[in-house]
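Here's the structure, in structure tokens; my notes come after.
None of the figures in this text is laboratory data; all of them are computed from the coordinates on show. What you see is a predicted model, and the numbers here were worked out from it, not measured in a lab. Quick reminder, even Gly has a Cβ in these numbers, built from the backbone with ideal geometry, and neighbours come from all protein chains shown.
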Amino acid sequence: MINAQNLTKSFGSRTAVDDLSFTVDKGDVIGFLGPNGAGKTTTIRMLTGYMPPTRGSATIAGYDIRKQSRQARQAIGYMPESVPLYDDMRVSEYLKFRGRIKGLSGRRLKERVSDVIEQCGLVEMRRRIIKALSKGYRQRVGLADALVHEPELLILDEPTNGLDPNQIRSIRGLIKDLAKERTVMISTHILSEVEMTCNKVIIIDRGRIKAADRPENLVRSLRSTGSVILDTKAPAQEALASLAELQHVKKVREITGKEGWNKYEIVVDAGTDARERIADLCQQKAWSFRSLHRKDSNLEDVFVELTRRD
């Protein structure tokens, strides 16, 4: 569905996207991740035809984004981070207008507008003026707009940005339903959303790909899966020094401290389990402790590990 080869975008002397190559198969739900300024939005703008690449190439559904731009764009439904809507139009009126721009007319236009209004949960809002809608419903209108011409590929840039938890849950469920019928690429900072929704993740930083794999494979390979959390009542400096001296311990950091209890994250060598040695140390030092457990890593840990600056 997407085949990017050596995709590069420079602005003067600054390179925002640096030699990106990746593929997205038909039916995939891709999480496209990276810190602010990593090049995510620039990459999306190149793929969607809003911005030409400085170097490299890409195809969408087999169409070259430069040489066959119109056909490539017809295969894409794009919802930008800030959805541009005409506030003085009614929902159904706006979607008809957008459908006509995308080449729909007559009975087909009417059918598609009706379909996306129902699909995106806008039936009760169809006659509402857009400026009167909540942020959550405005996002739904943006999704309906992206879907009205039945694209093969749906690209969503921060689709839950600015929404409250209930709205996020609602949009997440909608995206899951949409992903059953088409390829979806989601750029977001909410990593828990990616873990629950996507079957593949691409992480970029400073314009380059840092990792591309299934979320569970990335989590499994992360070295911080060797982290142990200890919650103990011990003198902080003594605890930090003594824990750091244990075999296979790579690093110790204090997470929180309150009312004499301190919580530590202890990073150990991959494939080792230091909990028994830590428990023995607490007994030898007569430190009370109320929890000692292996840390369950998630996609957020992978993201931090791959993009941190230290």
Hey, what angle do you get for helix 106-119 against the long axis of the chain, alpha-carbon based, 0 to 90 degrees rounded to 10? 20 degrees
Which order results if SER297, SER82, SER13, SER57 are arranged by neighbouring Cβ count within 10 Å, fewest first? SER13, SER82, SER57, SER297
Range of Cα positions in the chain per principal axis (Å), largest first: 81, 45, 33
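Restricting to Cα pairs below 8 Å that are 6+ residues apart, what does the relative contact order work out to for the chain? Please round to a whole percent.
Values: 571 pairs, mean separation 58.6, N = 310.
Relative contact order for the chain comes out at 19 percent.
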dims of region 1-125, Cα set, principal axes, largest to smallest, nearest Å -> 48, 29, 26
Excluding same-chain residues fewer than 8 positions from LYS258, which lysines have a Cα within less than 23 Å of its Cα? LYS233, LYS285, LYS295
If you find the alpha carbon centre of region 165-225 and of region 47-64, how far apart are they in angstrom? 22 Å
Taking a 32 Å limit on the Cα-Cα distance, which of the listed pairs LYS102/LYS135; LYS176/LYS263; LYS131/LYS210 fall beyond it? LYS176/LYS263; LYS131/LYS210
Spatial separation of Cα centroids for region 77-107 and region 251-298, in angstrom: 55 Å
In whole Hz, what ³J(HN,Hα) sequence does region 279-288 give by Karplus (6.51, -1.76, 1.60; θ = phi - 60°), x for Gly and Pro? 4, 4, 4, 4, 5, 4, 8, 6, 8, 6
Among all the aspartates and glutamates, which ones have a C-alpha under 16 Å from LYS110's C-alpha, if same-chain residues fewer than 8 places away are not counted? GLU93, GLU118, ASP145, GLU150
Estimated vicinal HN-Hα couplings, Hz - region 235-248 in sequence order (Karplus 6.51, -1.76, 1.60; Gly, Pro = x): x, 4, 5, 5, 5, 4, 5, 5, 5, 5, 7, 5, 4, 6
